[in-house]
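The values are calculated or read from the model by the stated rules, or taken from the named source; none is laboratory data. These numbers were taken from a predicted model, which means no experiment stands behind them. Neighbour counts are summed over all protein chains in view; Cβ atoms, including those assigned to glycine, are modelled from backbone coordinates with ideal geometry. Surface accessibility is based on the protein's heavy atoms, side chains included, excluding ligands, DNA and RNA. Shrake-Rupley method; radii C 1.70, N 1.55, O 1.52, S 1.80 Å.
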Number of protein chains: 2
Amino acid sequence: MRKLINNPENLAIELIDGFCLTNKKKVKRIAPHVCARKDAPIAGKVGIVIGGGAGHEPLFLEYIGLGMADASVHGQVFTAPTPDKVLDGIKAADSGNGVILLYNNYAGDVMNFDMGQDFARLEGIKVETVLINDEISAFPVEEAEERRGTTADHMVIHIAGAAAEAGLPFDELKVLIERAVFNCRSLGVSTSECTLPETGLATFELPEGRMEFGMGIHGEAGVEQVDLMSADETAERLIDEIVKDLPFQPGDEVVALINGYGATTRMEMFIVMRHIHKYLEIKGIDVYDTELGEFITAQEMGGISVTLMKLDPELKKYYDAPADSPGYVRN
Amino acid sequence: MRKLINNPENLAIELIDGFCLTNKKKVKRIAPHVCARKDAPIAGKVGIVIGGGAGHEPLFLEYIGLGMADASVHGQVFTAPTPDKVLDGIKAADSGNGVILLYNNYAGDVMNFDMGQDFARLEGIKVETVLINDEISAFPVEEAEERRGTTADHMVIHIAGAAAEAGLPFDELKVLIERAVFNCRSLGVSTSECTLPETGLATFELPEGRMEFGMGIHGEAGVEQVDLMSADETAERLIDEIVKDLPFQPGDEVVALINGYGATTRMEMFIVMRHIHKYLEIKGIDVYDTELGEFITAQEMGGISVTLMKLDPELKKYYDAPADSPGYVRN
């Protein structure tokens, strides 16, 4: 174990303690595992609630604020939040205009968020769910509803939050968020293991000099293990798979995003992104904007994931709206 | 080797290529290793030029923009920029009001930046230098001028940039930056090695379950290797050393910063920051603001560094001014 922690049983609570102290001007604590933007609930606005297991910071914890979500609810590391926490989050976000739950498509999360949604509906709160499922490798496009959510998260959360902020009515907002999710496709590659902080054990083994495509953010098995490729080869392989999945077409305008899983340097991310730009230009796909950083991590796993989001005028308008959250700022 | 790169000889150039593509709306390329904010040089403003070896991103490359530096100049990975690049950076930043060079105190950087400064002076440009030397472990306080620069960097750059933006005259600006540097004290601890991307070799060895205080960002030897401590114990050890160095006094108002060196999770940083807040409160030191993230990295080295910056009314005013750079945003 090489991690700076205290009692492994208190990881999530202590990390949320630290998050709230670090961002005390911007966020408030609703319950031990539930945080909200300071000004939530906001009158006249549909609430957005996000969440999932801890250990993927900045996701989801840090994506609450202006033009982002209203509340985030968390479980232990890599573990879904319980339904009572989801209910706390919904109540913190609801100003009487209803709440949309927005989270990644993992079985444990779906089960717990669905129960929290049911509890809230019993209390008379309007709640609907949009699942994020942008990861293309685990299931073919015909079974897209089975796919996992990954690095589209913060962009989808931003579009949802910005549109809610602009006063979009509940039903239109839900359709918009569903389109934002549909327009995002992601694929990643891992270059080194991550360790579970509770146990100090690696979640999988990856020999030095090898890389694995399609690995999940909890160490879920990928689809192919190969010898370490160059940055340019990796960029082409990821873009080829992503482009053919939607499919993205020449003339499409996209946001190109590269995410570091944990131990990956920004140096590597910039080098891969350099070739993504060149390669998309060859394909006739127009990069409207680029995002680069650690948006969703898998502890100290090495590797990257790439997301393309196809824009249309409405998505672009909300994407370009301001965001001000601890984990994501857009001016 | 586990890094996504191409030809190791082209690391710095390709990473700067990727940086400029990623931030094409905000930055421009002056020369292969020199970038500037898009609107540089800015009339009526003292220019700020920063730089050093590549491989520490976001430092220095990404700290150019509003309320930050005007130009950044880079060498190869962990290698100082050559004097001709420094001269290019100075010219890109100078609007006739002179330029202040601001970088970390390492012998190679000092030699090359000094020569670049001489070249610029020969061309009639007013140039002065402020060295950043916030790392307390390598030399005692009596030999502070020998100390290395580390994680105070982006805060000092921001105060310099914001004050320059506000029109502070050259000589007053230099005194202000010197005070900002003096008021910052930093100490770090490493928990795992980093590898040089050119060779794939680790720069040092650190057995699992051990940690080393005072290690440099290029793998320079630290001052003490111990068994892995808890997050809370680590926080107290770092704060004790930092507080007694200035010394910080009860009633002082500080910015508390925690920096991840590369592989460290935000989870760990939040857990350590949680206790820093509690421990500083016990000491009567008031945390005005908190910063948490990867500001200066040493490739994929594990571990953290902590910086305290003592504020006064003038420093606070410029610290609170807006910053908008690819690597640091302050609203």
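Working from the Cα coordinates of the protein assembly as shown, the gyration tensor eigenvalues give, after taking √(5λ), semi-axes of 38, 28, 25 Å in decreasing order. When you restrict to C-alpha pairs under 8 Å that are six or more residues apart and normalise by the size of the range B:188-237, the relative contact order lands at 31 percent. Chains B and A together bury some 5200 Å² of accessible area, summed over both sides, with a 1.4 Å probe. Each principal axis of the Cα cloud of the range B:9-182 was taken in turn, and the coordinate range along them, longest first, works out to 44, 39, 29 Å.
Taking a quarter of the surface of the Cα convex hull of chain A, what do you get in nm²?
Working: hull surface 61.5 nm².
Answer in nm², one decimal: 15.4.
So if I average 1/r over every pair of distinct C-alpha atoms in the range B:1-78 and take the inverse, what Kirkwood radius in Å does that give?
12.8 Å
Straight-line reach only, C-alpha to C-alpha below 27 angstrom: list the lysines that A:Lys174 could link to, leaving out same-chain residues fewer than 8 apart. Here the lysines satisfying the reach criterion relative to A:Lys174 are A:Lys26, A:Lys28, A:Lys38, A:Lys45, A:Lys85, A:Lys91, A:Lys126, A:Lys244, A:Lys310, A:Lys316, A:Lys317. If you run the Gaussian network model on chain A, springs between alpha carbon atoms under 10 Å, then out of A:His277, A:His218, A:His158 the most flexible one is A:His277. The separation of the range B:224-242 from the range B:125-175, counted between C-alpha centres, amounts to 27 Å.
The relative contact order of the range A:9-182 comes to 22 percent, based on Cα pairs under 8 Å that sit 6 or more residues apart.
Based on protein heavy atoms only, the range B:9-182 ends up with 32 Å² per residue of surface accessible to a 1.4 Å probe. Once C-alpha pairs closer than 8 Å and six or more residues apart are averaged by separation and normalised to the residue number of chain B, the relative contact order reads 18 percent. Taking Rh as the Kirkwood radius, which is the inverse of the mean 1/r over Cα pairs, what is the Rg/Rh value for the range B:39-124? Dividing the radius of gyration by the Kirkwood radius yields 0.95.
Over the Cα atoms of the range A:188-331, compute the convex hull volume and normalise it per residue, giving Å³. Provide the component values of the computation, followed by the final result.
Working: hull volume 16.9 nm³, N = 144.
So the per-residue Cα hull volume is 118 Å³.
Between the range A:61-92 and the range A:283-301, what is the separation of their alpha carbon centroids in Å? The distance from the Cα centre of the range A:61-92 to that of the range A:283-301 comes to 23 Å. Measuring from a point 7 Å out along Cα→Cβ, what nm distances, shortest first, does A:Leu122 have to its partners in the other copies? Output for A:Leu122: 8.2 nm, nearest copy listed first.
Which order, highest average first, do B:145-151, A:43-49 follow once you tally other Cβ atoms within 10 Å for each residue and take the mean per peptide? Write out the running numbers ahead of the final one.
Working: B:145-151: 21.0, A:43-49: 22.9.
Put in order of decreasing packing, that is A:43-49, B:145-151.
Label-point spacing at B:Gln225 relative to the other copies reads 3.0 nm, in ascending order, each point sitting 7 Å out from Cα along Cα→Cβ. List residues of the range A:1-20, by number, whose backbone nitrogen lies under 20 Å from a label position 7 Å along Cα→C-beta of B:Glu205. Zone members listed by number: A:1-2.
Remark: label point of B:Asp240 defined 7 Å out from Cα along the Cα-Cβ vector; separations to the same position in other copies 5.7 nm, ascending.
The Cβ shell under 12 Å around A:Asp312 holds other residues with a net charge of +1, Lys and Arg each +1, Asp and Glu each -1. Structure remark: mean-square fluctuation, Gaussian network model of chain B, C-alpha springs under 10 Å; the largest value among B:Asn112, B:Asn23, B:Asn133 belongs to B:Asn23.
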